[in-house]
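Worksheet for the structure shown next.
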Amino acid sequence: MAHLTYTDLTRTQQLLLDAAEKAMASSYAPYSKFNVGAGILTENDAVVTGANVENAAYGSTICGERSALVGAYAQGHRSVKAIAIIGRSEMGPAEKPVAPCGSCRQMLFEAAQGSKKNMEVIFSNTAKSDIIITTINDLLPYGFGPENL
């Protein structure tokens with residue numbers, strides 16, 4: 001996987017990452033102090049964003065990626081082309097690209113199978129100076145989803 005910078009991205013990828021960055025400002029992370037924003041690009045080029053929301057009952061916490069995906073579904077979008085993820089700590093910027101956790105990878109994998117697309121996944125450090133672009137199939141090569149049922 002190549003490490004890119006913001007200027008290496010297409011205009012659409014930049015807009016998606018910018019939307020994720022804006023969503024990060026709405027994060028509620030009083031426990032981890034780590035804020036994450038995500039932006040999803042739907043099949044009809046709508047951008048739906050989400051941010052992580054933590055809870056004292058940790059299992060009730062939702063990541064930014066899943067927040068964006070749930071929001072897209074709630075708005076009636078069922079086909080997803082891409083997602084961008086960015087994060088930062090209250091103790092300083094994330095130096096490395098912020099990749100989706102295992103639970104998020106699983107939900108994104110299922111969304112990709114439902115979309116019949118190998119979803120593009122863009123993840124960035126806080127400064128947008130270290131960005132990785134890959135696909136959900138590369139992040140979860142032997143995923144289990146609806147096509148396995």
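The values are calculated or read from the model by the stated rules, or taken from the named source; none is laboratory data. Remember, it's a predicted structure, so these values are computed and weren't measured experimentally. As a convention, Cβ positions derive from the backbone with ideal geometry for all residues, glycine included, and neighbour counts pool all protein chains shown.
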*When the range 63-72 is examined, which residues are found to be of a type in the set (A, V, I, L, M) and crowded, with 18+ Cβ neighbours inside 10 Å?*
A68, L69, A72
*Check the range 34-41 and report whether any residue there is assigned to a loop (DSSP other than H, G, I, E, B) and modelled with pLDDT of 95 or more.*
no
_Criterion first (touching a helix residue (DSSP H, G or I) at 6+ places or on another chain (Cβ under 9 Å), surrounded by 19 or more Cβ atoms within 10 Å (Cβ to Cβ) and within 16 Å of Y6 (Cβ to Cβ)) does I133 satisfy it?_
yes
*asked:* Consider the range 73-107. How many of its residues are over 12 Å from the mean Cα position of the chain (by Cα) and either of a type in the set (F, W, Y) or buried (at least 23 other Cβ atoms within 10 Å of the Cβ) (or both)?
replied: 1
*Checking M24 against (1) without any contact (Cβ under 8 Å) to a residue 40 or more places away in the chain; (2) surrounded by 23 or more Cβ atoms within 10 Å (Cβ to Cβ); (3) touching a Gly at 6+ places or on another chain (Cβ under 7 Å), which single condition isn't satisfied?*
(1)
*Tell me, which residue of the range 19-56 that is touching a Lys or Arg at 6+ places or on another chain (Cβ under 7 Å) and among the aliphatic types (A, V, I, L, M) is farthest from S115 (Cα to Cα)?*
M24
